Amino acid sequence: MGDILEVEGLSFKYSDAPRNAVSGFNLAIPEGEIVVLAGPSGCGKSTLLRTVNGLIPHMYGGEYSGDVRVGGSSVKGSNMRDLAQSVGFLFQNPENQIFMFTVERDVAFGLENLGVPRNEMRARVDEALGLLRIGDLAQRAPHELSDGQKQRVALAGVLAMRPKLVILDEPTSLLDPRTASELVALVVRLRKELGTTFVVVEHRLDLLMGVADRLVVMEGGKKVAEGTPKDVLFGEEVGTHGVAVPAVTRVQKMLAGEEGVGVERLLTPSELAAAVEGREI
Ligand SMILES: Nc1ncnc2c1ncn2[C@@H]1O[C@H](COP(=O)(O)OP(=O)(O)OP(=O)(O)O)[C@@H](O)[C@H]1O
Ligand SMILES: [Mg+2]
């Protein structure tokens with residue numbers, strides 16, 4: 001399978017900013033991967049996502065060089081309408097993405113804008129509601145829902161467009177731990193059922209490290225590490241890049257080599273507990 005997302009020598013400086021928000025960035029993501037983008041606040045994660053969904057350079061002014069391609073098409077040469085169909089984007093706060101009086105109308109919003117015929121719209125909205133298991137909320141008012149439900153409604157609106165690539169900017173920041181794990185499970189299921197590629201900015205690495213294919217770490221607008229979560233988190237340097245290595249992984253690293261604690265893969269807290277059970281630490 002080819003690369004759904006290609007970033008080549010990308011640099012961007014917002015017009016009023018003193019320096020580049022993203023510098024000399026390269027990235028190639030094969031279709032169907034779950035990729036986590038991490039790094040300290042202000043390192044350029046959201047900016048990079050904006051260059052993928054087209055807000056940069058189409059909506060934000062600045063100095064742009066290099067190229068970003070989605071499904072082989074250059075983002076800077078595409079219009080926002082076409083991009084809206086190839087890249088799904090979930091804002092950090094779903095309130096910013098919910099506009100209509102019923103969940104159903106809300107999920108249909110993007111399709112209506114595209115002028116998709118009524119019966120096809122109906123089918124796609126029902127499919128998206130079904131995928132997110134929120135069919136029973138169809139007639140509810142979005143503003144009455146919980147944060148987790150709103151997040152699902154917003155994501156249903158994104159999926160109804162059937163994008164091949166979905167980018168999520170800190171999708172769990174408003175969610176309680178249980179709803180956050182449900183969202184992660186949902187990402188895994190959608191990748192499996194639809195083959196959707198996900199690029200997720202996430203601070204809570206513990207949530208996603210077990211399911212991500214790739215972890216990309218940024219600092220100061222540059223890529224400073226990339227690889228499988230295991231390789232990056234077990235690497236020497238990752239802590240110095242302002243990435244919070246999950247506690248379970250730090251302990252695994254400390255105990256690595258001892259009986260029952262390998263470094264072939266990242267252990268979950270319960271696996272690590274089982275491995276060291278009965279031992280004095
Ligand atoms: N609209 C803007 N205009 C000017 N500068 C901006 C704008 N948005 C972001 N920046 C600057 O670009 C740099 C990267 O910001 P960005 O929001 O991409 O970081 P981030 O990694 O998403 O941070 P966070 O984890 O806090 O969300 C920062 O220096 C920021 O101040
Ligand atoms: Mg951000």
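Each reported figure results from applying straightforward, stated rules to the coordinates on display, with no laboratory input. The structure presented is a predicted model; accordingly, all values stated were derived computationally and were not measured. Heads up, the Cβs are rebuilt from the backbone with ideal geometry, glycines too, and the neighbour counts pull from every protein chain shown.
Observations on the model:
- Above-threshold pairs, the threshold being 31 Å between Cα atoms, out of LYS150/LYS222; LYS45/LYS192; LYS76/LYS222; LYS13/LYS253; LYS76/LYS223: LYS150/LYS222; LYS13/LYS253
- Here the chain is treated with +1 on each Lys and Arg Cβ and -1 on each Asp and Glu Cβ, and its dipole about the Cα centre works out to around 640 debye.
- Net +/- balance of residues flanking VAL217 in space, Cβ distance below 11 Å, scoring K and R +1, D and E -1: +1
- Longest to shortest principal axis, alpha-carbon extents of the chain, angstrom: 64, 46, 35
- Cβ-defined net charge surrounding LEU194, 13 Å radius [Lys, Arg +1; Asp, Glu -1]: +3
- The average projected area of the stretch 34-147, computed from the convex hull of its Cα atoms over all directions, is 9.1 nm².
- DSSP beta bridges fully contained in the chain are about 55 percent antiparallel.
- For the stretch 190-220 versus the stretch 128-157, the inter-centroid distance based on Cα atoms is 22 Å.
- Packing-based ranking, highest mean first, of 107-116, 50-59 given that Cβ atoms within 10 Å are counted: 50-59, 107-116
- Here the sum of -39500 (n - 2.57) over DSSP H runs of 4 or more residues, divided by the residues of the chain, equals -10500 deg cm²/dmol at 222 nm, to the nearest 500.
- Listed residue (ASN20, GLY71, LEU37) projecting farthest to the positive dipole end of the chain, Cβ model: GLY71
- Taken as Cα centroids, the stretch 222-261 and the stretch 15-71 sit 25 Å apart, rounded to the nearest whole angstrom.
- Here the stretch 183-279 has an Rg and Dmax of 14.5, 45 Å, counting Cα atoms alone.
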